[in-house]
Amino acid sequence: MKTILIIEDEVAISRVLAAYVKKAGYRPVRAATGTEAIAAFDCDKPDLVLLDLMLPDADGMELLAAIRERGACPVIMLTARDGISDRLAGLNEGADDYMVKPFVPEEVVARIKAVLRRPVHWNDRHGKRIYGNLLIDLAAKQVLVNGAEVALNPRELTLLLFLAERPNRTFSREQLIEQVWGMDYEGSDRAVDLSIKRLRQALSHWSGDEGEIRTLRGMGYQLWIKE
């Protein structure tokens, strides 16, 4: 059963949404404040978030940014603001859909189903690539899983960044040596195998449903991402 996190401070709206979400076969989790929302997101690991932009203790855009730092969980924004600039701001900041109040609960459920049918792709907003609960910040050269930074040595980090910029492409040991280690490297190409092994260990908490570092026998390695 997929979990839907409903972030809405108006009790009546929250209850109605929860009832319709449950009727549609999903598990609703409710939060009325930004603090409750982040706690629920980290605890319940929702499959989709319904996010009200106007909360008593938090800005909806800041909450959206916090969710995006944690992964690619789909977000449908709910708001009374119907200006085109507001919609564009939400979508440009990573929202998957946008609904203006008042809305029909049946349409909200239909939007949830539509968004959940979409394949989860990485995004490249501000140099960040998100693969499920793995976030790779290409500009900052930082890797996070479930919001926690992953410690990598410089070589492993460079290797992961190289593969992340070219998802679902296969590279031989020789190609990786040339691109990551450099043309003047004189060691064994087995160094690639060791670095791949360490990367897999470091990313052990990355959801295997979203992607993995694959070995293609006789061909090489690739960062496989679910499409």
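Structure above, values below:
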{"quantity": "Within the range 192-225, tally of residues that are more than 27 Å from the chain's Cα centre (by Cα) and at pLDDT 90 or above", "calculated": "4"}
{"quantity": "Within the range 28-57, considering residues that are more than 18 Å from Ile13 (Cα to Cα) and among the aliphatic types (A, V, I, L, M), the one surrounded by the fewest Cβ atoms within 10 Å (Cβ to Cβ)", "calculated": "Ala39"}
{"quantity": "Criterion: touching a Pro at 6+ places or on another chain (Cβ under 6 Å) and outside any loop (DSSP other than H, G, I, E, B) - qualifying residue of Leu223, Leu199", "calculated": "Leu223"}
{"quantity": "Every residue from the range 47-72 that is within 20 Å of Val21 (Cβ to Cβ) and part of a loop (DSSP other than H, G, I, E, B)", "calculated": "Asp47, Leu53, Leu55"}
{"quantity": "Residue list for the range 167-212, filter: open to solvent by 70 Å² or more (accessible area, probe 1.4 Å), within 24 Å of Ala140 (Cβ to Cβ), without any contact (Cβ under 8 Å) to a residue 60 or more places away in the chain and out of contact with any Asp or Glu (no Cβ under 9 Å at 6 or more places or on another chain)", "calculated": "Arg169, Gln179, Gln201, Ser204, Glu212"}
{"quantity": "Count - residues of the range 151-169 that are out of contact with any Gly (no Cβ under 8 Å at 6 or more places or on another chain) and not in a helix (DSSP H, G or I)", "calculated": "7"}
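The values are calculated or read from the model by the stated rules, or taken from the named source; none is laboratory data. As the structure is a prediction and not an experimental result, all values here were calculated from the model. In this analysis, Cβ positions are derived from the backbone assuming ideal geometry, glycine residues included, and neighbour counts consider all displayed protein chains. Please note that ligands, DNA and RNA were not included when accessible areas were found on the heavy atoms of the full protein model with its side chains. Shrake-Rupley method; radii C 1.70, N 1.55, O 1.52, S 1.80 Å.
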